[in-house]
Amino acid sequence: MTLRPPALLWLLGLAACGSPGEQRDDVGAKDRGDTTARAETPRIVLVTHGQSADPFWSVVATGAREAGGELGIRVEYQAPGTFNMVEMSQLIEAVVASRPEGLAISIPDGDALAPAIRAAAAAGIPIVSINSGARVFRDLGLSAHIGQPERDAGFAAGRRMAEAGVTRALCVNHEVGNLALDSRCEGLEDGLREAGGSALVLAVDLADPEDAQQRVRGALAREPGIDGVLTLGPAGAVPALAAVAMLRASGGLDTPLELATFDLSMPVLEAIREGAMSFAVDQQPYLQGYLAVVLLHKAIQIGAVPDGVIRTGPAFVTGDNAAEVIRLVGRGVR
Amino acid sequence: MSRDPRLAVREVSKTFGSVRALDAVSLDVRAGEVTCLLGDNGAGKTTLIKILSGVYGATDGEIRLDGASLQLSSPREALAQGITTVYQDLAIAPLMSVWRNFFLGSEPLKGRGPFRRLDPVRCESIAREELARLGVRIEDAHQPAGTLSGGERQSLAIARALHRGGRLLVLDEPTAALGVRQTKVLLRTILEVSQEDVGVILVTHNPHHAFPVGDHFVVLRRGQVIIDRAKDELSQEVLVQLMAGEDLAAGPGGPALSS
Amino acid sequence: METEPAAARSPRARRLLARPELAAALGAAVLWIFFTIQAGEPFLSRAGTAAYLNAAAPLGILAVAVSLLMIGGEFDLSVGSIIGASGMSVMLLTTHFGWPLWPALAATVGLCLSIGYLNGIIVVRTGLPSFIVTLGMLFTVRGLTIAISRGLSGRTQLGGLDGSTGYESARFLFASSPLPPFRISVIWWIGLTVAATWALNRTRYGNWIFGSGGQAETARNLGVPVNRVKIGLFMGTAVAASLVGIIQAVQFNGADTLRGTLQEFWAITAVVIGGTLLKGGYGSAVGAALGALIFGLVRQGIVMIGVNADWFQVALGTLLIAAVLFNNQVRRLVEQRR
């Protein structure tokens, strides 16, 4: 019996499917089939917990790719579809199996990723961590972390708020359990407490922005004496801004309120420029991607890796420099 | 009559609300004989069948199987008593192999303890043989039952019933959706079956299919038995006329049609 | 009298081609060749092979159980939420209530068995489509997992399982790598596939599963305890989900409330790629295992050749359709003889 030709052809067609080269997320690529080029151009892979479509992580990816372009390194970016440690761990395993010359990873959960990271280190691949994991990277055998120490950043934000007169702040956490975000709120609390104030955490789910907005409104209405709100990301900032605006419009809020956030986005920067928001804490994600590639480049070349945390933040965007930053965000580099 | 009929239905009635679907129906079914149950739609054939297969309970009257009184509360119990009803479409799982269908619910096992298992080779050959006994030849009982024709599938259900030691076989309109050739196959199966120690009730509205295989003919109309005659008391033409409702002219035997 | 008919092609050969797993086996082979060509030596290495086998294993465990249920004619959309509940149950019992690990595992399995039993009993008693019943269970279980976790611990993610008593032995059984870099979950996967296949094809219970899916009413009339079979199958999928949750909690030293999201979807995909029909009564556990293997191959393969992991869903969707179409054509070809 012969298999019906169309079906068989179909399968073979799938197999012969065009080179995936066009779909790759990298710069300076030689054809994958050309193994000599492969040996000459080092390959660095970033594995993070955030999709490259996410505006924050796209800046990280841009920084990494531009560094790759400047240094003649092929840079790839991999991330799970959602915040999912199981998937991220599997991605690391696959990336390690593909034998890159260097690996940069974010560590939102040290416990969960430990086995994968240790296996990567055991495979002899130079690794740096970026963005999250300032507290755990050493335990996992890494020497360098590039990012913003979250607790310190929260502390700095708290101090800034206290200087502006805030006594009680709401910390809007959109991913309770993410150690980095939890640390920001803890830092905020420390910073305020130093000035005699306090803070409390409000958990929201950004999958439903309407709901998040309602929760913020509800908290502001319910809790006495809140005069500051800090969100932990641009996606959280939008509902918070809307909530405050709505309350002010309906007369439910007539006291001054300091609104601030972590990380940047166009709506956030507009809000700062217009004065609806006081400041944003910028961890300068471009540098996280850029410096990761730079460090790994030298690690690959001469085996030298700096020791410790390289702080890319906190940098503050206020009404003073908002316009300039907006211009740079338009270029995708901030 | 030297012994009890396989099935004795005595004055059985069934009412649904104000509708009297069966009215004091009595009939006998003997083992080794094919009893044809005829009548138009609404005559009460289906109701009687459903009572025999345990779907309904009778409102009045008594049913005896091999002399013992029969009280059925579910189709499963009917089957356990050895009464198999073969409907047209529902009896066979088309995607399962012939032998799996054949042995469904009564799978023979070999081995011991948790490792008791089926013996596909043996099951396949038994299924194939049992079907052949009824005049249906297939190459391979591993093939899906869906590859059998409609008549063959019903024969499979019949063979299954016989293998499980059925006492009474009820065939509900088996030829209604079959073509000419398949009808011949099925009727041949029914003839083979009538050689066994099984009582067969063939429900049909087609006297041309009933006459060649039947030994005994019961016609229902509006829930009542109007004709109950053995084959030698009838001819095919007379049967057709009787079913068409023409008055009994001259003719021996059977209860007269009450007006 | 029986004479052996001479067939144009041997029934054995025809039977082989009619096997439900054929499309999945060919699909897996084609993909393996594809990735070997595109990714080269790294894909063929131990690390590469382990990358996709380890990724396939949790889904494989789930898909095998789901395939039995689907052959039996039902769906279970709640398995993903049971994975989440299982993981959090282990974590809460150990880190919040201080239980030693093994009693926590036993209680967790018991909890999941009850969820499976509940699914089954609702489906058989009410006659509602299992799609709907288990969909409702999905929301209920996921919601309760989140609510109870937050209520008890204030968090949706818990860590530190290695602090509990019994962790070492649990790690050995669920999260070790006896043959590194291959994980023990792969052995669980293979073992469960073998057991399920044997049960399906060689036992009375397996015939009952086919019958319950293919022709439930008739099967019931023939004496098959259809309701008991179905309830058992729901408990089977629940316990498989529970096992996956436990393996992941031990492996990642913690759990979060969102774990397992969408896994029911991937499991059904793997089962269908493997040749099981959506309407029930026909299918294969081996096919489901191959479906999970294809999932792992695609998922990890495209990472190994440097493609953005976004394309994974496109690839899997295309494969699903191709596998089903191919399967259909072969089956029709085989049955055409009549």
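The values are calculated or read from the model by the stated rules, or taken from the named source; none is laboratory data. Note that this is a predicted model, so its numbers are computed, not measured. Because the Cβ atoms are built from the backbone with ideal geometry, glycine has one as well, and the counts that use them run over all protein chains shown.
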Can you find, within the range B:47-87, the residue that is farthest from the other protein chains (Cβ to nearest Cβ) among those that are crowded, with 17+ Cβ neighbours inside 10 Å and hydroxyl-bearing (Ser, Thr, Tyr)?
B:47
Odd one out for residue B:99, checked against (1) farther than 18 Å from residue C:215 by Cβ; (2) within 12 Å of chain C (Cβ to nearest Cβ)
(1)
Can you tell me how many residues in the range A:71-103 are touching a Phe, Trp or Tyr at 6+ places or on another chain (Cβ under 9 Å), farther than 28 Å from residue C:159 by Cα and not in a loop (DSSP other than H, G, I, E, B)?
0
Scanning the range A:117-138 for residues that are free of Cβ contacts under 8 Å to residues at least 24 places away in the same chain and not in a loop (DSSP other than H, G, I, E, B), the one surrounded by the most Cβ atoms within 10 Å (Cβ to Cβ) turns out to be A:121
Residues that are away from chain A (no Cβ under 14 Å) and either without any contact (Cβ under 8 Å) to a residue 24 or more places away in the chain or under 12 Å from residue C:67 (Cα atoms) (or both), drawn from the range C:240-259:
C:240
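Here's the yes/no breakdown for (1) more than 26 Å from residue C:44 (Cβ to Cβ); (2) within 14 Å of chain A (Cβ to nearest Cβ); (3) of a type in the set (Asp, Glu):
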position	(1), (2), (3)
C:225	yes, no, no
C:238	yes, no, no
C:288	no, no, no
C:319	no, yes, no
May I ask you to verify whether residue C:262 is within 15 Å of residue C:317 (Cα to Cα), within 14 Å of chain A (Cβ to nearest Cβ) and of a type in the set (A, V, I, L, M)?
yes
Out of curiosity, is residue C:116 within 14 Å of another protein chain (Cβ to nearest Cβ) and either assigned to a helix (DSSP H, G or I) or touching a strand residue (DSSP E or B) at 6+ places or on another chain (Cβ under 7 Å) (or both)?
no
For the range C:194-215, which positions are in contact (Cβ under 8 Å) with a residue 12 or more places away in the chain and among the aromatic types (Phe, Trp, Tyr)?
C:205, C:208, C:210
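For the range B:133-157, give me each residue that is part of a helix (DSSP H, G or I) and closer than 19 Å to residue B:91 by Cα. Don't jump to the end; show me each part of the working.
First, pick out the residues of the range B:133-157 that are part of a helix (DSSP H, G or I): B:133, B:145-147, B:150-157.
Within the range B:133-157, B:145, B:146, B:147, B:150, B:151, B:152, B:153, B:154, B:155, B:156, B:157 meet the criteria.
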Output the strands (runs of 3 or more DSSP E) that fall wholly within the range B:34-91 and possess 1 or more residues being closer than 24 Å to residue C:226 by Cβ, or say none.
B:83-86
Listing of helices (runs of 4 or more DSSP H) fully contained in the range C:1-84 that carry 2 or more residues being modelled with pLDDT under 90 and under 22 Å from residue C:268 (Cα atoms)
C:22-39
Please enumerate the residues belonging to the range A:234-259 that are modelled with pLDDT of 85 or more and not in a helix (DSSP H, G or I).
A:257, A:258, A:259
Residues located in the range B:114-138, provided they are over 19 Å from the mean Cα position of the chain (by Cα), closer than 25 Å to residue B:194 by Cα and within 11 Å of chain C (Cβ to nearest Cβ)
B:123, B:124, B:125, B:128, B:129, B:132, B:137, B:138
Of (1) surrounded by 15 or more Cβ atoms within 10 Å (Cβ to Cβ); (2) touching a residue at least 60 places away in the same chain (Cβ under 8 Å); (3) within 30 Å of residue A:201 (Cα to Cα), residue C:163 satisfies every one except (1)
So is residue C:312 surrounded by fewer than 24 Cβ atoms within 10 Å (Cβ to Cβ) and out of contact with any helix residue (DSSP H, G or I) (no Cβ under 7 Å at 6 or more places or on another chain) or not?
no
What is the number of the single condition among (1) of a type outside the set (D, E, K, R); (2) in contact with a strand residue (DSSP E or B) (Cβ under 8 Å, 6 or more places away or on another chain); (3) in a helix (DSSP H, G or I) that residue C:255 does not meet?
(3)
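Matching residues to (1) assigned to a helix (DSSP H, G or I); (2) touching a residue at least 12 places away in the same chain (Cβ under 8 Å); (3) under 15 Å from the mean Cα position of the chain (by Cα):
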| residue | (1), (2), (3) |
| --- | --- |
| B:176 | no, yes, yes |
| B:182 | yes, yes, no |
| B:187 | yes, yes, yes |
| B:192 | yes, yes, yes |
| B:195 | no, yes, yes |
| B:200 | no, yes, yes |
| B:210 | yes, yes, yes |
| B:217 | no, yes, yes |
